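**Q** Please see the structure below; I have some questions.
The values are calculated or read from the model by the stated rules, or taken from the named source; none is laboratory data. What you see is a predicted model, and the numbers here were worked out from it, not measured in a lab. Using ideal geometry, Cβ is built from the backbone for each residue, glycine included, and neighbour counts are taken over all protein chains shown. With ligands, DNA and RNA removed, areas are computed over all heavy atoms of the protein, side chains included. Shrake-Rupley method; radii C 1.70, N 1.55, O 1.52, S 1.80 Å.
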There are 2 protein chains.
Amino acid sequence: MQQIPMPYLLFLGDVMDPLAAKTARGIHVWRPESCVGQIRLATDSVSLGLEELDIATAKARGAKTMVLGTANAGGKLPGHWIDSIKTAIRAGMNVANGLHQGLNDIPELVELAAEHNVQLFDVRHMRPELDVGSGKKRSGKRILTVGTDCSVGKMYTSLALESAMREIGMKADFRATGQTGVLVAGAGIAIDAVIADFISGAVESLSPANDDDHWDIIEGQGSLYHPSFAGVSMGLIHGAQAHLLVMCHELGRKHMRHLPHQFMPTLKQCVDTNLAAASLTNPDVQLAGFSLNTSGVDEAEAKAALAEISREFGVPATDPVRFGISELAQSIKDRGL
Amino acid sequence: MQQIPMPYLLFLGDVMDPLAAKTARGIHVWRPESCVGQIRLATDSVSLGLEELDIATAKARGAKTMVLGTANAGGKLPGHWIDSIKTAIRAGMNVANGLHQGLNDIPELVELAAEHNVQLFDVRHMRPELDVGSGKKRSGKRILTVGTDCSVGKMYTSLALESAMREIGMKADFRATGQTGVLVAGAGIAIDAVIADFISGAVESLSPANDDDHWDIIEGQGSLYHPSFAGVSMGLIHGAQAHLLVMCHELGRKHMRHLPHQFMPTLKQCVDTNLAAASLTNPDVQLAGFSLNTSGVDEAEAKAALAEISREFGVPATDPVRFGISELAQSIKDRGL
């Protein structure tokens, strides 16, 4: 699989909305050692608090790739960013881009990159030659984060688990399936951009055979209960052949994201349906635990809700932002799979 | 949705393998009134028994589109077919193609088609501007054919049902989701070629709101139990919002197609799983009946097996090739939905 060279210079442009910088923030939170600095086009645009560097200085400090780390409405590349991109290319830096519009669709950038022997990574379109999934068993252990809905913390949970499992001496690698995750990991496949026939095959290639004591932590997408994206979730579950599922949820969410007419499943329904689907390619799949976003309630209420869930299902339940995820990591280790 | 103009001239090339002509045969079986004739490049190539016409004669008899109705290994367009395609274009005929390789990727054909004001239809790549699915309820009635596996007769069953329902005075339209189906119907979306994010949205656009007494019969794909393609099947189920499912199966099949390691579900498992998935976007979904390929056993054994299934599930079970499908169509009418 293609690897985006690190470390990164994070390009924040002139974006004012903190939410629009969530990709850059994710990279900074999870791979601080891979961030040389930030570059902004306006003094009042979003900042990550990294050192402000111009492109020449960043290059001199070792930056190998400039990452366009912000989203904007419509996924278009603002025309006035092009100069910065050209400067980076001329300085010998690769450029990575999470926007819908591809750098590789802009001929002058493609030419310039070829001339300067650097690469343009459009992470929404990065994919190896794909094959359809086979469902054949492969070596190594796998965890998949699944969810009651979209945007319930599957990427955060996966990265937090990677970190916590490594801390207790386990071999663990995050496997990215969304554009932010791909930029954080420097590799992966934006699974929702794959041709439908190849969803499970893409996940098989993303998480190939490995050592018996090695864990891939595969970032889930969507939800089997989300009528827009369940096909992606299903293919992901089958391709993952997970030994363990971690169920992600936002406490108190009333309906499916963006769909006020669409009911939320109960945790029990969602766990049962995901285990049933996952058992098709790994009959021994089990539920490892729960990862909840409890930010809508106070700490006492959050603890009570997590304790109740943990009691009902007999597995750890945590809010990784509030309470960490080390107990869940330890319980995975203790299973001795 | 784009419509391929009918009637057709069926181009059979120099294909010797009858199986490779299954697209042309499907068109001829289901839309005989739309087939002006056939054209072959060799006297010993597959024949549908249609009148042999040269392109000029076919045009004079009203043919609007020449259809490349055969498959070949690798999905490539044989170079020596190009002359026939050019002749058709020059005669003012559109050309429709079910191969992987697109006519629209061949610049000289694109230019020639523009010059002669005709269209090139690559059905594997035909799709309207797609949106993600919404799961919002829409008017009209819908049947979806689902299956225990791939290649168990979902297209055949859908087309047979369309015909049988029309015969008893119901408003019914086949909605194609595979390339053969798209050529038969002259419209549709090859759903396995859609970007993963848009699977359910594609089905929503394929089967829009309609009269309350109108039935769309949506062609299913794959199986929720097939580890390669279940994502496509899942998105299709959610986009269809089916009122009724028809379960398709090949009697006696031992394992999933092309995957000897992959178990076949029981009919009961498969029905339950499909109804559960379909209930996400239509809580009132019901099983309408079974459509089996019983060609592996004799007629007495087939009848016994169908009777047993019908008794177990309380709905009609038939082999549409052997015994027709009118009883199932009538039972759908009698439900009075």
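**Q** Within the group A:171, A:154, which residue is in contact with a strand residue (DSSP E or B) (Cβ under 8 Å, 6 or more places away or on another chain), touching a residue at least 60 places away in the same chain (Cβ under 8 Å) and not acidic (Asp, Glu)?
**A** The conditions single out A:154.
**Q** Now, a different point. When you look at residue A:298, is it away from chain B (no Cβ under 14 Å) and closer than 30 Å to residue A:212 by Cβ, yes or no?
**A** No; evaluated as a whole, the condition is false for this residue.
Each row is one residue, and each column tells you yes or no for (1) in a loop (DSSP other than H, G, I, E, B); (2) open to solvent by 70 Å² or more (accessible area, probe 1.4 Å).
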site	(1), (2)
A:16	yes, yes
A:21	no, no
A:43	yes, yes
A:80	no, yes
A:83	no, yes
A:110	no, no
A:121	no, no
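**Q** For the stretch B:201-222, name all the residues that are within 18 Å of the chain's Cα centre (by Cα), more than 10 Å from chain A (Cβ to nearest Cβ) and of a type in the set (S, T, N, Q).
**A** B:205, B:207
**Q** I'd like to check something: does the stretch B:174-187 contain any residue that is touching a helix residue (DSSP H, G or I) at 6+ places or on another chain (Cβ under 7 Å) and among the aromatic types (Phe, Trp, Tyr)?
**A** Yes, the conditions are met somewhere in the stretch B:174-187.
**Q** Among the residues of the stretch B:165-192, write down those that are farther than 13 Å from residue B:206 by Cβ, of a type in the set (Gly, Ala, Ser) and open to solvent by 10 Å² or more (accessible area, probe 1.4 Å).
**A** The one that is farther than 13 Å from residue B:206 by Cβ, of a type in the set (Gly, Ala, Ser) and open to solvent by 10 Å² or more (accessible area, probe 1.4 Å): B:169.
**Q** Read through the list (1) under 22 Å from residue B:151 (Cα atoms); (2) more than 14 Å from chain A (Cβ to nearest Cβ); (3) open to solvent by less than 80 Å² (accessible area, probe 1.4 Å), then give the number of the only condition that residue B:315 fails.
**A** (1)
**Q** Hey, another quick one. What residue, among those in the stretch B:235-261 that are open to solvent by less than 10 Å² (accessible area, probe 1.4 Å) and at the interface with another protein chain (Cβ under 10 Å from one of its Cβ atoms), is nearest to residue B:138 (Cα to Cα)?
**A** Here the answer is B:241.
**Q** Using beta carbons and a limit of 7 Å, which pairs, at least six apart or on different chains, have the first residue in the stretch A:226-242 and in the same structural domain as residue A:195 (by TED's automatic domain parsing) and outside any helix (DSSP H, G or I) and the second one among the β-branched types (Val, Ile, Thr) and open to solvent by 10 Å² or more (accessible area, probe 1.4 Å)?
**A** Close Cβ pairs (under 7 Å, with a partner that is among the β-branched types (Val, Ile, Thr) and open to solvent by 10 Å² or more (accessible area, probe 1.4 Å)) amount to A:227/B:281; A:228/B:132; A:241/A:281; A:242/A:285.
**Q** Just need a number here: residues in the stretch A:263-308 that are surrounded by fewer than 16 Cβ atoms within 10 Å (Cβ to Cβ) and in a loop (DSSP other than H, G, I, E, B).
**A** 8
**Q** For the stretch A:186-200, enumerate the residues that are in contact with a Lys or Arg (Cβ under 8 Å, 6 or more places away or on another chain), facing another protein chain (nearest Cβ under 7 Å) and small (Gly, Ala, Ser).
**A** Across the stretch A:186-200, the qualifying residue is only A:193.
**Q** Kindly establish whether residue B:117 is over 27 Å from residue B:22 (Cα atoms) and open to solvent by 10 Å² or more (accessible area, probe 1.4 Å).
**A** Yes.
**Q** A follow-up question, please. Here is a check on your reading of the model: is residue B:137 touching a residue at least 24 places away in the same chain (Cβ under 8 Å) and open to solvent by 50 Å² or more (accessible area, probe 1.4 Å)?
**A** Yes.
**Q** Taking residue B:151, is it farther than 18 Å from residue B:203 by Cβ, polar (S, T, N, Q) and under 12 Å from the mean Cα position of the chain (by Cα)?
**A** When the stated conditions are applied, residue B:151 passes them.
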